[in-house]
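Only one structure is covered here, and it is reproduced in the block below.
The values are calculated or read from the model by the stated rules, or taken from the named source; none is laboratory data. Small disclaimer: the values here were computed from a predicted structure and weren't measured. Using ideal geometry, Cβ is built from the backbone for each residue, glycine included, and neighbour counts are taken over all protein chains shown.
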Amino acid sequence: MKKLLSALLILALTLALLSATAFAAGNPELSKYSDAEIKQMYEAFRDEMVARGMPLAAQITLKEGKFIVGEDILPGSYTIKCTETFGDTYGDLYSSLGGMFNDELGGLMGSLGGMMSDIVNAQVVILGDYGSVIKSFELSVGESTRITLTEGTALQISDGSCLLISD
């Protein structure tokens, strides 16, 4: 029994040593490379990932603005999710102002604040050549949809912020 236990222990240690050696061989020691060599490898990997259509980041936060596909964003399929709308921001502002008054004006401001998040949503527009609109839609906070972005187009976000999640 002791011999069997000893043999199993030696086998387990041998397998652990072999797997550690194989793991170390698969992960090069990067500290032996110069900064220029590391940068060159990074750029080669980045270019290869772009050529394969692989995302460089799992998700990107997009504030209000226009983003060129192929320069600012890689082409590909994404889920776009609204994280903030100006309607919610304005709504909070009007509700706070309404709380300052105790009369009908306060009630009106509070109602207007509650209504703003329903009225003002984030605008998402996919633009083509010369600014032509390919697709346009609105998103409220928490809503999401799938989009496909191709090179030579642009994604324009207004009245809010969105999260672009690669598929």
So the check is Cβ under 6 Å with 6+ separation or different chains; which pairs have a first residue in segment 40-62 that's part of a strand (DSSP E or B) and a second one that's modelled with pLDDT of 80 or more?
Q59/L163; Q59/I165; I60/L164; T61/L163; L62/I157; L62/C162; L62/L164
Quick count over segment 49-74, residues being touching a helix residue (DSSP H, G or I) at 6+ places or on another chain (Cβ under 9 Å) and modelled with pLDDT under 75, is 3
